[in-house]
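Read the structure below first, then the notes.
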Amino acid sequence: MANAKMSWRWHLGALLLYVALSAGYIAHGASLTRTLYGEGSDPLQFVWFFSWWPWTLAHHINPLFTTLVWQPAGLNLTWTTSVPLLALLGLPFTLLAGPVTAVNLLSLAAPVLAAWAAYFLCLYVSRVPAAAVLGGYLFGFSSYELAHAGAQLNLTFTALIPCLLLLALLRLDGKISRWSTVLGTALLLACQFGTSVELCATALFFGGFAWAVAFWQFPARRPTLQRLAVDGLIAAPLFVLLVSPLLWGMFSRPRGIHLPAHWPLVYVTDPLNLVVPTIVTRLGGAFALPLSGNFAGLLNEQGAYLGLPLLFILWQYCRNHSRFFGILLASILLASCGPQLWLGGVATHIPLPWALFRHLPLIGMALPARFMLYANLAASIITSLWIAAAPPRQSRLRLLTGVFACVVLIPATHPGQPVPTSTFFAPGREQAVLGPNKRLLILPFGIMGPSSFWQAQSQFSFAQTGGYLGFPPAAIQPDKPIMWFYFGLDHSGFTPDFIHFCESTHTDFIVAGPGTSPHAMALMQALDWRAQKIDDVTVFTVPAP
């Protein structure tokens, strides 16, 4: 009884610690309702999706496809970050306090749940609570997790992945039955699919790879590994059945969105990032910026930093205790470097093994930099095992080394942005002024503006001949002037293309909202279209063709 009480104290203590750290790192006192945790347009699209799912269900509309963005063709939402599972989890908060609060709460919950799930996994393998707490931290508050925090909620909800591994270990140890394994695996994978299709695909890929390495390295465990493989095969059709509505949405309509083919070549791990932190980490900043500022890809995809203390732990354990983890970790790190080697921000054009997988369906378009998620999970397990395996005289030193490995990962102050509420887009206001069911082109256009948020704020009272729900549709991508406009690049000589775009999409009005650049406003004024200043926007009427 005493051991059970002590276990629950550790479980609760770990949870409370992770909650406090998440609140300090991500919210740091900012309002849940007036600040959106994260910067840029990505957090705004999650506000759109959290509003979209309950709105479509209430209006009996297909939630997997919309004609309210990128009119007239619309958009197949199953190929976007539509996060149906997270929208469902956040539904009570969305209904009670609004989508901003719901998105913020789940942004805070994501690293907490990831760390707590990894804590239980590490506790199972190490049997040492203190080691498990540190292992949970190293996964839930990794550089990968905090680089994506706020901006890409679908990539930070990673708690299901350690749960899948824990389920597999319980089955290998004979502690759960076949049908518990089958049902649990199918349900966890379906939930992961409803959060991120990419992470579901990569979890299956690296899970299969880990199984193959274990089959090679542990001949005595091959019968149980074979049993686990059979369980997985039985779970596969049940998984497909559970996600069949989403699969139907993906393949019953044109895909619509095709990401640039060069992204898997650019969004990769630079090996120097393993030891050189970016400005996402408190140790980064001005000191490391001359080097980290050259890493390939965007900042939120540069989440490979492990730090010297953790690398020392990994090297010590893999060298002295586990060839299996050494092979697994080295393989994941190599895969995360992508099809070719980048070093110090320079493409060396040296081919790497991941080039063999680049043209496979789904997994081939995954961004290799995100494979660090699985390296972090391996690192958390290894750290807990290394601490647990310490001789009595070294136990305190190893525990302190683990603490130090966590300290060097402490993130910099997490960015936030004021909620961009507009008076004009208050519920009912836009319809009262312009009339129902209008097609609007909203400035700032595309990725540069909060058009997704304003559409959600209006309760979807209008359609957009544009919008931001991720990368533009494939049909738009060949239109280079519109793509430049979408990304806020040079507008010179753009006027004829802009007029043609408005005519071809049957745009009724251009609404220049707060934040519209002077250059874009000058472009609109040069058209000499009828303009009205209404509330906090300027409305331009598109002439009838």
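Structural remarks
- All helices (runs of 4 or more DSSP H) inside region 68-157 with 2 or more residues being of a type outside the set (A, V, I, L, M) and either more than 21 Å from Gln459 (Cα to Cα) or within 20 Å of the chain's Cα centre (by Cα) (or both): 99-126, 129-140, 143-148, 153-156
- No other residue among Ala212, Ala236, Ala229, Ala168 is of a type in the set (Gly, Ala, Ser) and within 28 Å of Leu64 (Cα to Cα) apart from Ala236.
- Residue that is surrounded by the fewest Cβ atoms within 10 Å (Cβ to Cβ) [pool: residues in region 454-482 that are of a type in the set (A, V, I, L, M) and touching a strand residue (DSSP E or B) at 6+ places or on another chain (Cβ under 7 Å)]: Ala463
- The single residue among Ala201, Ala190, Ala229, Ala186 that is in a helix (DSSP H, G or I), more than 24 Å from Leu89 (Cα to Cα) and either touching a residue at least 12 places away in the same chain (Cβ under 8 Å) or not charged (D, E, K, R) (or both) turns out to be Ala229.
- Any pair with Cβ under 7 angstrom, 6 or more apart, that starts in region 148-168 at a residue that is closer than 14 Å to Leu199 by Cβ and ends at one that is hydroxyl-bearing (Ser, Thr, Tyr): His148/Thr156; Leu153/Ser107; Asn154/Thr81; Asn154/Thr195; Asn154/Ser196; Leu155/Ser196; Phe157/Thr195; Leu164/Thr185
- Scanning region 208-253 for residues that are of a type in the set (Gly, Ala, Ser) and surrounded by fewer than 18 Cβ atoms within 10 Å (Cβ to Cβ) returns Gly208, Ala212, Ala220, Ala229, Ala236, Ser244, Ser252.
- Here Trp8 fits the description: in the same structural domain as Arg127 (by TED's automatic domain parsing), free of Cβ contacts under 8 Å to residues at least 60 places away in the same chain and among the aromatic types (Phe, Trp, Tyr).
- The set of residues in region 409-443 that are farther than 30 Å from Phe485 by Cα and surrounded by fewer than 17 Cβ atoms within 10 Å (Cβ to Cβ) comprises Ile410, Ala412, Thr413.
- Residue check for Arg255: charged (D, E, K, R) and in a loop (DSSP other than H, G, I, E, B): yes
- Residues (exposed (fewer than 15 other Cβ atoms within 10 Å of the Cβ) and either in contact (Cβ under 8 Å) with a residue 40 or more places away in the chain or within 23 Å of the chain's Cα centre (by Cα) (or both)) located in region 317-340: His321, Arg323
- Qualifying residue in region 98-119 (condition: buried (at least 24 other Cβ atoms within 10 Å of the Cβ) and free of Cβ contacts under 8 Å to residues at least 40 places away in the same chain): no
- Where a residue in region 418-439 is assigned by TED's automatic domain parsing to the domain that holds Ile510 and part of a loop (DSSP other than H, G, I, E, B) and its partner, wherever it lies, is at pLDDT 95 or above and among the acidic types (Asp, Glu), with Cβ under 7 Å and at least six apart: Lys438/Asp508
- Test for Ile332: is it closer than 19 Å to Leu123 by Cα, in a helix (DSSP H, G or I) and aliphatic (A, V, I, L, M): no
- Looking across region 14-31, just one residue is touching a residue at least 40 places away in the same chain (Cβ under 8 Å), in a helix (DSSP H, G or I) and surrounded by fewer than 16 Cβ atoms within 10 Å (Cβ to Cβ), and that is Ala23.
- Listing of helices (runs of 4 or more DSSP H) fully contained in region 447-526 that carry 2 or more residues being among the small types (Gly, Ala, Ser), within 25 Å of the chain's Cα centre (by Cα) and modelled with pLDDT of 90 or more: 451-457
- The set of residues in region 161-183 being part of a helix (DSSP H, G or I) and either buried (at least 24 other Cβ atoms within 10 Å of the Cβ) or touching a Lys or Arg at 6+ places or on another chain (Cβ under 9 Å) (or both) consists of Ile161, Pro162, Leu169, Arg171, Leu172, Arg178, Ser180, Thr181.
- For region 295-308, a tally of residues being crowded, with 18+ Cβ neighbours inside 10 Å and more than 15 Å from Leu377 (Cβ to Cβ) returns 8.
- Some residue of region 289-296 being of a type in the set (S, T, N, Q) and either in a helix (DSSP H, G or I) or without any contact (Cβ under 8 Å) to a residue 24 or more places away in the chain (or both): yes
The values are calculated or read from the model by the stated rules, or taken from the named source; none is laboratory data. Note that the coordinates shown come from a computational prediction; the quantities given were computed from them, not determined experimentally. As a convention, Cβ positions derive from the backbone with ideal geometry for all residues, glycine included, and neighbour counts pool all protein chains shown.
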